[in-house]
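In what follows, a structure is listed as structure tokens, so that the remarks can point back to it.
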Amino acid sequence: MLVEKEKMFNPEDVIEQFEALTMDAGRVQEETLRRILQDNSDTEYLRKFGLSGRTDPESFKACIPLVAHKDLEPYIQRIADGDGSPILTGKPITTISLSSGTTQGKPKFVPFNDELMDTTMQIFKTSFAFRNRDFPIGKGKALQFIYSSKQFKTKGGLAAGTATTNVYRNQLFSKTMKAMNTPCCSPDEVIFGPDFHQSLYCHLLCGLIFCKEVQVVSSTFAHSIIHAFRTFEQVWEELCADIREGVLSSRITVPSIRAAMSRLLKPDPELADTIYYKCKGLSNWYGLIPELFPNTRYIYGIMTGSMEPYLKKLRHYAGDLPLLSADYGSSEGWIAANVNPKLPPESVTFAVLPNIGYFEFIPLKDNVDGLELEPSPVGLTEVKVGEEYEIIVTSFAGLYRYRLGDVVKVKGFHNSTPELQFICRRNLLLSINIDKNTEKDLQLSVEAASKILADSKLEVLDFTSHVNTSTDPGNYVIFWEVSGEASDEVLKECCNCLDRSFLDAGYMSSRKVNSIGPLELRVVRRGTFHKILDHFVGLGAAVSQFKTPRCVGANNTAVLAILCNNVVKTYFSTAYI
Ligand code: AMP
């Protein structure tokens, strides 16, 4: 049945379906809520709050509280421990997703089911259909830097892995990729390999073997693409040697990967020479992607939010190729698709699919500091252009009025569904007393300071922050990994600029009276952020879903230790003296 369905996938039908759904978004939302509540009416959770089988939005909002992950944790834990009774969903949950957990330092468990898989594919197909209108591709392949995380069984025997892993492992994923003319260059053994360094090397090798067929270079989050081509800069001669001899490098030790690669790798000195001379001819690797893969139409992946700081590097590798930003979602469920693929990543918006969940929005206008006790969310079609909201999700996978923790801004409407811009994670990152700075504020400050570095032809490769309250007064600490050696003078200036660029009134006034101490810039050794990535992968996170934590809490001792042990230079701001 499913095979038939995928064969028949026609982009124009998908667009038509999307237009119909969004034309009537309000009614579709009500219908979606009705279906979710009907399917799960007998669950312990909905019964507990006395919904008694009612399925209308008013009763739902009156009975069911807004919750955060920690409120649902006991329920999800029981499911993971093997309690098969209808706790959150009518149908038993058989798979658990681990959200990347880079913000809180430890992965969270969330339920995953077939409905979530279907809605994920609906999002993928919708954005593909629009993308294919503006950037059509023929038969070919995609060089996809995708990786599976470690999978394990929970105490109750449920399969657990990151959401992307659960998606990649599902047959529907590869069928949908084929239907979109973008099957992955790499065999499954590479995607699901146990060691991501080896998988990454082989993804690159597969891409080179199929270099003429590659039409799209992609990853879930853009960070993985940059990570891949940074690695390419280190290993390209070895890759050429493998292709020349037809013998896989001894760095690949996993037998299943070696076996799968030996079926693809044949001696090809001509290809090896072509790649070798192309690489030699590049200036500082500018335009590397189109040079290696001349038939690539675009680069694809999530480039918004915490990925924005990587755009400059991505553009460097991409040369003239368009960067197309991927959709908006989370391990808890997908939310919205990019249906305007021509927009540059900085201004991308996401149109909510009204049938994949029930969505509510907490207005942030009168509630900037997050102190309001009883937020009153509005419905999907009631949001206002120009306003910011925190998004609340009710899904087909057992989450009811769940605070995702993201802040979005309404930029406009597609028919009657809103087009959202991703702003940031809601939780405050940096706060010592009355100051409040978010991930976005940090990003803007780093952006401003890295302009000074650019004058010395250097760039910030990655960054994070920490609130130091071990001294009195406490201060903000920013960690930077820089692409080369900058002079003390330049870094000192960057440090002052970072301090000055936090424009929050609470911060500025605290700095002036020294109730917050001078901002500290700590420069770390090259490779430190890769060590952090390795650390999270070791905990079960997937490279595919990796987002550098932009603030490291005092109790995230392991990551803090990696950072602190690699500091090579420290500067204190003199901006407020
Ligand atoms: P995960 O924990 O890996 O499921 O990550 C989900 C989170 O990633 C979301 O709640 C967002 O904060 C972020 N995210 C997902 N899609 C996007 C996007 N298109 N733009 C910016 N951030 C995103």
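Table for the structure above
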quantity: Leading residue at positive end of dipole, the range 236-366 (Cβ point charges), from I257, S330, M307; calculated: I257
quantity: Electrostatic dipole magnitude of the range 229-302 [Cβ: Lys, Arg +1; Asp, Glu -1; Cα centre; debye, to 20]; calculated: 240
quantity: Principal axes of the chain: Cα extent on each, largest first, Å; calculated: 69, 68, 46
quantity: Considering only the chain, percent of DSSP beta bridges that pair antiparallel, nearest 5; calculated: 70
quantity: Per-pair calculated FRET efficiency, R0 = 45 Å: R258 and R54 via Cβ, rounded to 0.05; calculated: 0.20
quantity: Lys/Arg +1, Asp/Glu -1 at C-beta; the chain dipole; positive extreme among F502, F396, V67; calculated: F396
quantity: Quotient of C-alpha Rg and 2.2 N^0.38 Å, computed over the range 169-273; calculated: 1.05
quantity: Cβ-Cβ FRET estimate between N433 and Y277, R0 fixed at 56 Å, reported to 0.05; calculated: 0.40
quantity: Amide H within-cut-off set for G405, under 5 Å, with H built and near neighbours excluded; calculated: I391
quantity: Total charge dipole magnitude, the range 280-350, about the Cα centre, Cβ charges on Lys, Arg, Asp, Glu only, Debye to nearest 20; calculated: 280
quantity: Distance histogram for the range 450-560 (every C-alpha pair counted, 10 angstrom bins, percent rounded to whole numbers); calculated: 13, 40, 33, 14, 1
quantity: Free-standing Cys residues across the chain, given no other cysteine C-beta under 4.7 angstrom; calculated: C63, C184, C202, C211, C240, C279, C424, C494, C495, C497, C551, C564
quantity: Unit charges on C-beta of K, R, D, E only; dipole of the chain, Debye; calculated: 860
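None of the figures in this text is laboratory data; all of them are computed from the coordinates on show. This one's a predicted model, so the numbers in the text were calculated from it and none came from an experiment. As a convention, Cβ positions derive from the backbone with ideal geometry for all residues, glycine included, and neighbour counts pool all protein chains shown.
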